[in-house]
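Below you'll find the structure, written out as structure tokens, and then a few comments.
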């Protein structure tokens, strides 16, 4: 049986409630979906029946994911919750259930199998480059052009 780590988008799509496969979430994802818990006891039932387990990734996997996200250019678009889900998938060698394109891109860069929920998922792994739309200069570590002050945009690098 394959392990699956669930992003919050899996809960909004109802995946854990309609599947008998066990899944994992991190405590950060649990906090993100807490409002679902308040509306019904469904999440608590999943936890009590061991169809949903809460586990946090080891720090070394978080570092690996942060590095991969910075390398791909996705880091500014990922939350701590996103990083935790990717990290746990990497640690458990688990499939990752998500519709988030930045999460999917980083996960695929780390050879994690991604299962999209309500979209067709990403087709290609992308390395983003950031550029100033004003002076057309490329950057990698900043969000604002130090030359002219414009907010940076991003586009995929060509192979």
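Condition check ((1) within 27 Å of residue 19 (Cβ to Cβ); (2) touching a strand residue (DSSP E or B) at 6+ places or on another chain (Cβ under 8 Å); (3) modelled with pLDDT of 95 or more) across all residues:
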residue	(1), (2), (3)
103	yes, yes, no
114	yes, yes, no
117	yes, yes, no
127	no, yes, no
130	no, yes, no
136	no, no, no
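For segment 102-112, the candidate set comprises residues that are assigned to a helix (DSSP H, G or I) and touching a residue at least 24 places away in the same chain (Cβ under 8 Å); within that set, the residue that is surrounded by the most Cβ atoms within 10 Å (Cβ to Cβ) is 106. Listed conditions (1) surrounded by 15 or more Cβ atoms within 10 Å (Cβ to Cβ); (2) in a helix (DSSP H, G or I); (3) touching a residue at least 40 places away in the same chain (Cβ under 8 Å) are all met by residue 5, apart from (2). The helices (runs of 4 or more DSSP H) found entirely in segment 11-101 that carry 3 or more residues being modelled with pLDDT of 90 or more and touching a helix residue (DSSP H, G or I) at 6+ places or on another chain (Cβ under 6 Å) are 59-72, 80-92.
For segment 59-74, the criterion of a residue being within 16 Å of the chain's Cα centre (by Cα), buried (at least 23 other Cβ atoms within 10 Å of the Cβ) and touching a residue at least 60 places away in the same chain (Cβ under 8 Å) is satisfied by no position.
The values are calculated or read from the model by the stated rules, or taken from the named source; none is laboratory data. Computed from a prediction, not measured in an experiment: that's the story for all the values here. Using ideal geometry, Cβ is built from the backbone for each residue, glycine included, and neighbour counts are taken over all protein chains shown.
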